[in-house]
Structures are given as structure tokens and as C-alpha cells.
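Heads up, the thing below is written out as C-alpha cells.
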Amino acid sequence: MKRLTDLLMVLFFAVMLSACGRQSEESYVGQSESPKSTEQTETSATVTEELSMDAESEDSSLVDAKDAQIKEGNDSVVNDITFDFETKTVMLNSGYEMPIYGLGTYSLTGKTCVDSVTTALNSGVRLIDTAYMYHNEESVGEAVRNSGIPREEIFVITKLYPNQFDHPETAIEEVLEKLDIEYIDMMLLHHPGTDDVKAYLAMEKAVKEGKIRSIGLSNWYVEELEKFLPQVNITPALVQNEIHPYYQENDVIPYIQGLGIVVQGWYPLGGRGYTAELLGNGVISEIAQAHGKSSAQVILRWNLQKGVVVIPGSSNPDHIKENTELFDFELTEEEMEHMNALDRGEKHDWY
Ligand SMILES: NC(=O)c1ccc[n+]([C@@H]2O[C@H](COP(=O)([O-])OP(=O)(O)OC[C@H]3O[C@@H](n4cnc5c(N)ncnc54)[C@H](OP(=O)(O)O)[C@@H]3O)[C@@H](O)[C@H]2O)c1
């Protein structure tokens, strides 16, 4: 009986030991797998976090770089895009100086264009605005080349039209050939349009290759700029928009200037078909009379005092000369306010 009891005791302890062993094995598994998996989870969480932080920091460094570019421009707004009325130039964020008044060549073609640009250059004008769409780049180039004025002293702006945006590199080569003046001082995109970012990036490439010195935009307003700028690398040096006393863009101008970008106004005299009414405006005529100047000169001076570059168009030698005589008088604050009060939000062209 004692033997049987002993045997049962042994069996009992054996079962107990085996149960403990299993439990400890389970515990081991539990302790080893779970922490391992926790560790893995933690590790992968860390990796994911690190990766996402990397991605974030990469993203933000890209954003920072673009911001920095814009901020760089911003600084230059305060320091550099202020007009120098002595030299009659403004320093662009590209590092190049641009005259603050010039000649627009829209609707001037062939001999009329060559003669007008020649008259302007002989009158001291050093900024000429042309565009693919004006069909006069060859004429502008001819007048510049034949002027006898050192190339470096003349600043030529041209523009790519939206129908060129899908083949910008060829378009740039073509205009270089047409102008035939070694390089382009400033190239703008004429309007927003399909492939405008692609065209702008091609202009950026041409800047790096020394074919174009500065680049910018035309007919871009606040919304368009907010969408466009994050997609490009070089902050535009210039935005050329419709600006005249009846369409003043008083909300747009400070926004653009605040980015370190110079603003240039097209249709400064209202544009063909509108000039007579604008130049005959009573307020403007009165201010003009007070200074012994013409209405056109008052409008152009008002632009300059607002930090807006002017490019009036003309084929009349007297007008071309008159439009250069803007630096021997100054509008008072009150006169500026009277001019500002003429705004009607009245656009004279569709874009
Ligand atoms: N980026 C764009 O989308 C865009 C659009 C339009 C224009 N632009 C550019 O902006 C430039 C200016 O525009 P615009 O030429 O069409 O219009 P504008 O400069 O507003 O007006 C030109 C008209 O004003 C007359 N004029 C010029 N000076 C005068 C003066 N001192 N006294 C009286 N009349 C005077 C001219 O006639 P006379 O020939 O008889 O002097 C011409 O008929 C264009 O030439 C072009 O380069 C750009």
C-alpha cells in the first residue's frame, strides 16, 4: 500500500512539474514573442516616424528653399526694388538693373517699329517691350543693333505666347534668332495658359544657359501667382499687368511688390481707343496744368511714384520724347490721392 501511495505521489509531482514546465514554457513564449513583437512594432513605429519625419523635413526644406527665394525677393522689395530716380532704374531680384520707363511696341510693325524704337533710343529710352504676338521682334532687334548704343545699355523685354508653351525651348531659340541681339534681358509668359509651368521651367533653363537674363510673368494676378509660384524655382523678376488711372490694381500691386517682384503697367495711357478720354480727364488735366506738363506725363509720373514701371506705346516722335520727360517734377501726396480716386476697375482689354 505504501508503495502504491509512493507511486501516486511520484506521479502527482511528475504531473505538477510537467504542468509548471509547460507554464514556464508558455510564459517564456509569452515573454519572448510578445516583447519581440512589441519591440518590432515600436521599432517599425520609430522607423515610420523617422521616415515620415525625413519626408517631412525633406518637404519642408524644399518649401523653405522656395520660401527663402521668395523671402530673398521680399528683402529686395524693401531694399532693392525702390526706384532710383537719379539713374532712372530699378534693381531686379535677378541682380540686373532695369530702366523704369520705356517704349511699348504693341501694334508697331515693320518700318514704323524700327523708326519708333530708333527715335526712342535716340531720346534716351533704354527699355523696349516687345512680344512674339506683336510680330515685330525682328524690327526691334534691327533698331537695337543699328543704334550704335552698347548692347549692355539697352534692356529688351519679350514674351512667349500661350501657343508656344508646349514647345518653349524651340520658341526661345526662335526669338533669340529673330531678335539677334546676343541675349534677352527679360522674357515673360504673356498670359497664364496650358503648360505655363513647363514654359517657365524652360525659361529658367535658358537663364542658366545665359540666353535670358531675367524672367517674369504678364497678366498674373494674386490668385494666379499663389498657385503658380510654388511650382517654379526662380521668383519672377517682373509682372506686367494692365494698369492705368481707370484700372489701378491697388490690391494687386502691393502684393506683387511685397514678393520682391517689380510691377510694370501696360496700357498706361488707357490703350488705343481710350487715350483721348483718359488724357482729357478733368482731374488729370488740372494736375498737368499745375505742373506745366501734359496729362500723359502726369499719368506716367503717377505710375513711377507708385513704383510701377511704364512702357507707353507711341510712333509719334514728339510723344516718344515727351514720355521721357518725367523727372523734372513731382506729384504731391494730395495729387497722388486725387489720381488714386479715379479708379473705376475699368479694364480696357480682356486679359
Ligand atoms: N502684356 C500684355 O498683355 C500687354 C497688353 C497690351 C500692351 N502691352 C504693352 O504695353 C505697351 C503700352 O500699351 P499701348 O501702346 O497699347 O497703349 P498706351 O501706351 O496706353 O497708349 C498708346 C496710345 O497713346 C498714344 N500716346 C502715347 N504717348 C502719348 C502722349 N504723350 N500724348 C498723347 N498720346 C500719346 C499713342 O499714340 P501715338 O502713337 O500717336 O503717340 C497710342 O495711340 C504696349 O505697346 C505693349 O508693349 C502689353
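Since every read-out is calculated from the coordinates, none of them should be taken as a lab result. Quantities reported herein were computed from a predicted structural model and do not represent experimental measurements. Cβ sites come from the backbone with ideal geometry, for glycine too, and all protein chains shown count toward neighbours.
Would a scan of the stretch 276-299 turn up a residue that is within 11 Å of the ligand (Cβ to nearest atom) and closer than 24 Å to ASP80 by Cβ? No, the conditions are met nowhere in the stretch 276-299. Among the residues of the stretch 92-107, those that are in contact (Cβ under 8 Å) with a residue 12 or more places away in the chain and either among the hydrophobic types (A, V, I, L, M, F, W, C) or assigned to a loop (DSSP other than H, G, I, E, B) (or both) comprise LEU92, ASN93, SER94, TYR96, MET98, ILE100, GLY102, LEU103, THR105, TYR106, SER107. Residue check: GLU153 meets all listed conditions (1) among the acidic types (Asp, Glu); (2) within 21 Å of SER116 (Cβ to Cβ); (3) under 16 Å from the mean Cα position of the chain (by Cα) but one, namely (3). Need the failing condition index for TYR200 against (1) more than 13 Å from the ligand (Cβ to nearest atom); (2) closer than 27 Å to TRP350 by Cα; (3) surrounded by fewer than 22 Cβ atoms within 10 Å (Cβ to Cβ), just the number. Status for TYR200: all satisfied but (3).
For first residues located in the stretch 108-130 and part of a helix (DSSP H, G or I), partners that are acidic (Asp, Glu) and lie 6+ apart or on another chain with Cβ distances below 7 Å form the pairs VAL114/GLU142. Only a single criterion out of (1) in a loop (DSSP other than H, G, I, E, B); (2) within 8 Å of the ligand (Cβ to nearest atom); (3) surrounded by 14 or more Cβ atoms within 10 Å (Cβ to Cβ) is not satisfied by LEU331, namely (2). Among the residues of the stretch 235-275, write down those that are more than 13 Å from the ligand (Cβ to nearest atom), more than 14 Å from TRP302 (Cα to Cα) and in contact (Cβ under 8 Å) with a residue 60 or more places away in the chain. Matches in the stretch 235-275: THR235, ALA237, GLN257, GLY258, LEU259, GLY260, ILE261, VAL262. For the stretch 290-298, the count of residues that are crowded, with 21+ Cβ neighbours inside 10 Å and touching a residue at least 60 places away in the same chain (Cβ under 8 Å) is zero. Restricting the stretch 210-267 to residues that are surrounded by 18 or more Cβ atoms within 10 Å (Cβ to Cβ) and of a type in the set (Asp, Glu) leaves a set whose member that is nearest to VAL310 (Cα to Cα) is GLU242.
Taking GLU182 as the residue in question, decide whether it is surrounded by fewer than 17 Cβ atoms within 10 Å (Cβ to Cβ) and not β-branched (Val, Ile, Thr). When the stated conditions are applied, GLU182 passes them. If you go through the stretch 132-143 and pick out every residue that is at negative phi and either out of contact with any helix residue (DSSP H, G or I) (no Cβ under 7 Å at 6 or more places or on another chain) or of a type in the set (Lys, Arg) (or both), you end up with 2. Here ASN323 fits the description: buried (at least 18 other Cβ atoms within 10 Å of the Cβ), in contact with a Phe, Trp or Tyr (Cβ under 8 Å, 6 or more places away or on another chain) and of a type in the set (S, T, N, Q).
Within the stretch 131-160, the set of residues being under 15 Å from LYS178 (Cα atoms) and not in a helix (DSSP H, G or I) comprises ALA131, HIS135, ASN136, ASN146, VAL156, ILE157, THR158, LYS159, LEU160. Scan the stretch 206-214 and tell me whether some residue there is over 19 Å from ASN163 (Cα atoms), within 16 Å of the ligand (Cβ to nearest atom) and in contact (Cβ under 8 Å) with a residue 60 or more places away in the chain. Yes, that holds for at least one residue. Residues that are of a type outside the set (Asp, Glu) and in contact with a Ser or Thr (Cβ under 6 Å, 6 or more places away or on another chain): does the stretch 193-212 have at least one? Scanning the stretch 193-212, I find no residue that is of a type outside the set (Asp, Glu) and in contact with a Ser or Thr (Cβ under 6 Å, 6 or more places away or on another chain), so the answer is no. Scanning the stretch 334-351 for residues that are touching a residue at least 60 places away in the same chain (Cβ under 8 Å) and either among the aliphatic types (A, V, I, L, M) or surrounded by fewer than 16 Cβ atoms within 10 Å (Cβ to Cβ) (or both) returns MET339, ASN340, LEU342, ASP343, ARG344, GLY345, GLU346, LYS347, ASP349, TYR351.
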